[in-house]
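Structure, as structure tokens:
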Amino acid sequence: MKIAFVGKGGSGKTTLSSLFIRHLAATGAPVVAIDADINQHLGAALGLDETEAAALPAMGEHLALVKDHLRGTNPRIASADAMIKTTPPGEGSRLLRVREDNPVYDACARPVELDGGTVRLMVTGPFTDADLGVACYHSKTGAVELCLNHLVDGPDEYVVVDMTAGSDSFASGMFTRFDITFLVAEPTRKGVSVYRQYKEYARDFDVTLKVVGNKVQGQDDLDFLRAEVGEDLLVTVEHSDWVRAMEKGRPPRFELLEDANRRALRLLRTATDVTYGLRDAERFTRQTVHFHLKNARAWGNERLGADLAAQVDPSFVLGEPVTEPA
């Protein structure tokens with residue numbers, strides 16, 4: 001299952017995504033956690049200190065390796081250099097699986113020990129001084145998008161992505177890569193404005209969107225969210241002394257998280273698991289191709305001097321049995 005957490009900066013999306021990751025790990029579920037935000041805070045939220053978080057390998061720095069591995073023997077892709085962030089898989093491509101060991105995980109993922117389990121953590125890498133004025137952060141998320149395009153996951157496997165803040169997620173087609181998207185919203189006008197943008201942009205792509213109300217302090221806050229987001233409001237999260245201790249670097253055992261917040265996390269998982277039965281492999285593949293062709297026309301063809309539409313394998317559907325290279 002592929003899950004995205006989105007929301008405006010400061011909404012608490014990283015905190016909520018880290019709690020959900022901890023919840024899944026505590027049940028023994030295999031989890032790949034990905035920090036795709038420009039502000040790299042997921043590692044710290046999962047308990048890493050500053051030194052450990054800074055030492056995490058940046059996926060963006062291993063983009064060539066990611067492309068070379070995923071290309072496999074796909075005859076439609078002449079070389080790894082010919083791939084762009086939206087290049088779809090086809091016959092001969094290597095696919096990623098949550099539980100396996102592979103060169104991409106070896107280079108980009110690190111194990112993080114949590115109460116009751118271990119998760120694989122991957123990060124895009126921070127926006128550096130070298131990027132200022134010459135690069136767009138969205139280019140750094142290319143490795144994440146490629147991995148999601150080539151990922152095959154089952155109903156009891158979880159990939160949780162802490163996305164960029166606000167509506168920046170729509171700078172690529174990555175917002176369509178998920179079984180469910182949790183939008184973390186505060187009970188304020190600014191808090192729900194991102195929800196309205198997301199809902200509008202995602203309307204034509206069948207994105208499953210649910211709102212998690214955060215920093216809700218009373219019935220008035222709850223009524224406000226219900227009036228603004230309607231049936232998309234899945235659950236609200238209460239103030240947490242556990243989270244406050246975690247943010248100070250002294251998290252108690254996860255089993256001591258407040259009962260109401262533990263129930264909220266269980267609701268998130270239930271909502272996630274339900275969406276597995278709604279999967280449409282052909283739609284997922286069609287959307288991958290749509291955004292690839294859009295990027296190819298906008299900049300990819302000119303940059304590579306080739307028609308990248310030729311990379312599309314019209315007979316390939318992600319999720320069906322495919323022939324992969326050894």
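R297 to F205: FRET efficiency via 1/(1 + (r/R0)^6), r the Cβ-Cβ distance, R0 22 Å, to the nearest 0.05? Rounded to the nearest 0.05, the efficiency is 0.75. Considering the range 173-326 at the alpha-carbon level, its Rg and Dmax are found to be 20.4, 59 Å. Each 5 Å bin from zero up to the one holding the largest Cα-Cα distance in the range 1-151 carries the following percent of pairs: 2, 9, 18, 21, 21, 15, 9, 5, 1. Grouping the Cα pair distances of the range 191-236 into 10 Å bins from zero gives a pair-distance distribution of 27, 54, 17, 2 percent in increasing distance order.
Only bridges whose two residues both fall in the chain count here: according to DSSP, what percent of them are antiparallel, nearest 5? Before the final figure, lay out the partial values.
Numbers: 6 of 35 bridges.
Looking only at bridges with both residues in the chain, the antiparallel portion is about 15 percent.
Overall size of the range 64-121 from C-alpha positions, given as principal axis extents largest first: 44, 19, 17 Å. Taking each DSSP H run with n ≥ 4 as -39500 (n - 2.57) and averaging over every residue of the chain yields -10000 deg cm²/dmol at 222 nm. Computed across the chain, the Kirkwood hydrodynamic radius from all distinct Cα-Cα pairs reaches 20.2 Å.
Which FRET efficiency, nearest 0.05, do V274 and A306 yield, Cβ-Cβ r, R0 41 Å? Calculated value: 0.45. Residues H150, H69, H290, H62 ordered from highest to lowest accessible area at a 1.4 Å probe: H290, H62, H69, H150. Our coupling estimate for the range 16-23, obtained by passing each phi through the Karplus curve with A = 6.51, B = -1.76, C = 1.60 and θ = phi - 60°, is 5, 5, 5, 5, 5, 4, 4, 4 Hz, Gly and Pro reported as x. Solvent-accessible area per residue in the chain equals 45 Å², computed with a 1.4 angstrom probe and all protein chains kept. For a quick check of understanding: with a 1.4 angstrom probe and all protein chains in place, what accessible area in square angstrom does R94 have, to the nearest ten? The accessible area comes out at roughly 60 Å².
Surface composition of the chain: carbon and sulfur make up 49 percent of the accessible area, probe 1.4 Å. When Y195, Y276, Y201 are compared by accessible area of protein heavy atoms, the largest-first order is Y201, Y276, Y195, using a 1.4 Å probe.
Quick one: length gained pulling A260 to D115 fully straight, 0.36 nm per residue minus the C-alpha distance? Before the final figure, lay out the partial values.
Values: separation 145, 0.36 × 145 = 52.20 nm, distance 1.90 nm.
That works out to 50.3 nm of additional length.
The values are calculated or read from the model by the stated rules, or taken from the named source; none is laboratory data. Computed from a predicted structure; not experimentally measured. As a convention, Cβ positions derive from the backbone with ideal geometry for all residues, glycine included, and neighbour counts pool all protein chains shown. Surface accessibility is based on the protein's heavy atoms, side chains included, excluding ligands, DNA and RNA. Shrake-Rupley method; radii C 1.70, N 1.55, O 1.52, S 1.80 Å.
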